[in-house]
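Participant: Have a look at this one before I ask anything.
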Amino acid sequence: MVDRLAQSLPQGDVHPVVSEGRYFIQESLFMPAIHRHQFLGEGRFNPETLGQFDEAISNAIADEECQVLLLSGEGKNFSQGLDLDYLMASGDKEFTELCMRVLARVLDAPFPVVSLVTGHAFGLGAMIVLASDYRVMRDDRGFFCLPEVDLNMTLTVRMNELVCSKLSPNAIRAALLTGERLTADRALELEVVDAIGGLDKLEELGLDVAGPMMGKNRRSLAGLKRGFNQPIIELIESDEPDGPITAPGFA
């Protein structure tokens, strides 16, 4: 739990498959415990909305029956990132780092976290997508975008580690170094997302791709995810300053 924000499916070799929105294992019917969190409006983050996201993660972790956490947006948006009005008015220079500390909880959550990219995923919204175990994107609307190069900005230390750890060199060149707004087809081509589909089938698609990870031992899965993501998590949780990265001669 971030201090500042504080103010079973059977084990084994059998994997669930989606059939008409339900999960079937052999001849028995199981309804997985699904937790959902929706980013409302433009999905912009300020202390209130970040606290709601952090609470959703905490609630899912506290529920020992939770099999998956689904993240989605509203309307044409998934999340458009930081609430710039809040940042400009408050001058809060630690808020971006705090957002990344919440994302660290996604990286070692004891269940799969799935981003249902229902619309635009920009900036911090794109970071949430990258931190998720699975990503499925609406095929007819929205973009995945890291716009820093067109805003004359660079990534912070923690964001940079996440992006470079989760995207391939080709995807980094397209999304980060040129600021390309990736459509669903393009995001699938660059392996930014695992699958694409219609809005009405997006949750079913997300459950389908996450099925093989659902129902695993929570202790084992959390430990394995933390091990896989250890360099990112350790940097996020460290006392390393989180300023923007600058090249020599351009400070």
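Just so it is clear, none of the values below were taken in a lab; they were calculated from the coordinates. Everything quoted here is computed from the prediction, not taken from an experiment. No Cβ is skipped: glycine too gets one built from the backbone with ideal geometry, and neighbour counts run over all protein chains shown.
Participant: Between their Cα atoms, which of Lys76/Lys225; Lys76/Lys201; Lys93/Lys216; Lys166/Lys201 are more than 27 Å away from each other?
Facilitator: On the way: Lys76/Lys225 31 Å; Lys76/Lys201 16 Å; Lys93/Lys216 39 Å; Lys166/Lys201 25 Å.
Check vs 27 Å cut-off fails for Lys76/Lys225; Lys93/Lys216.
Participant: How far is the Cα center of the range 213-251 from the Cα center of the range 99-132, in Å?
Facilitator: 12 Å
Participant: With a cap of 11 neighbouring Cβ atoms within 10 Å, and only residues DSSP puts in a loop, list the GluC sites (Glu not before Pro) found in the range 154-245. List each step's numbers first, then the result.
Facilitator: Numbers: sites: Glu161, Glu180, Glu189, Glu191, Glu203, Glu204, Glu234, Glu237; in loops: Glu180, Glu191.
The qualifying sites: there are none.
Participant: How big is the dipole moment of the chain about its Cα centre under a simple scheme where the beta carbon of each Lys and Arg is +1, that of each Asp and Glu is -1, and everything else is neutral? Debye, nearest 20, please. Write down the numbers at each step before the final one.
Facilitator: Values: 22 positive and 38 negative charges, 56 e Å.
Using only the charged Cβ atoms, the result is roughly 260 debye.
Participant: 222 nm [θ] for the chain, helices only, -39500 (n - 2.57) per DSSP H run of 4+, per residue, to 500? Working shown, then result.
Facilitator: Values: 10 runs with 92 residues, N = 251.
Helix contribution divided over all residues of the chain: -10500 deg cm²/dmol.
Participant: Over the chain, what is the percentage of antiparallel beta bridges among all DSSP beta bridges, to the nearest 5?
Facilitator: Numbers: 8 of 31 bridges.
Once the DSSP bridges in the chain are tallied, antiparallel ones form about 25 percent.
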